[in-house]
Structures are given as C-alpha cells and as structure tokens.
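The values are calculated or read from the model by the stated rules, or taken from the named source; none is laboratory data. Please read all numbers here as calculations on a predicted model, not as lab measurements. Note: ideal-geometry Cβ built from the backbone for every residue, glycine included; neighbour counts use all protein chains shown. Calculation scope for accessible area: heavy atoms of the full protein, side chains included, ligands and nucleic acids excluded. Shrake-Rupley method; radii C 1.70, N 1.55, O 1.52, S 1.80 Å.
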Amino acid sequence: MNDARTYVAQLTPAGRGAVATILVRGPAAQAIVARYLVTQQPGPLRLALNRIRFGRWQREAAHAGEELVICRTSEEAIEIHCHGG
C-alpha cells in the first residue's frame, strides 16, 4: 500500500525534558519544514541526508522563533530537535 500523506509525530514523551524530537515524514516533509525554518544560508532549503542544520522556527517572517536543529534521516523524513518541556 502506498501512503502518500505527510504527517508529524512527537517522538519524545510528554512532560519535562531538555530536548524534544518531532518527526515530519512524507513526500511534503522538506517543503513543510522549509516553510517555517530560517537558516543563515540564503536561498531554498537543501537538506543532505544525515546532516544537521541549525535554524530558527518561525511563523511569520518578522518574528524569529525558537532555535532548533534538524536532520534529514531519509528521503521523506526530517527530525526536528527543539527545547523540551
């Protein structure tokens, strides 16, 4: 069965913690992350497999948000590591 949906899942349990991990998986994973992630490299977001990138998560261009690290773990999966709790 071919499931072409993109979804988001919380990988770490709810509660207090220093780091939280969120998984974005599916054919639109990179496009979704690129929509909200701002990095210091100009231009479109290009994520190599198993490489980390540092950036800020933001909803609007004028408001810088939380700092986080992302890693593309497969062709259709990106892990987001951010502050927990």
> Taking a probe of 1.4 Å, how large is the accessible area per residue of the chain, in Å²?
Replying inline: 72 Å²
> Gain in length, Glu75 to Gln58, computed as 0.36 nm per residue apart minus the alpha-carbon separation, to one decimal in nm?
Replying inline: 3.7 nm
> Using unit Cβ charges (K, R positive; D, E negative) and no other charged atoms, how large, in debye to the nearest 20, is the dipole of the chain about its Cα centre?
Replying inline: 100 debye
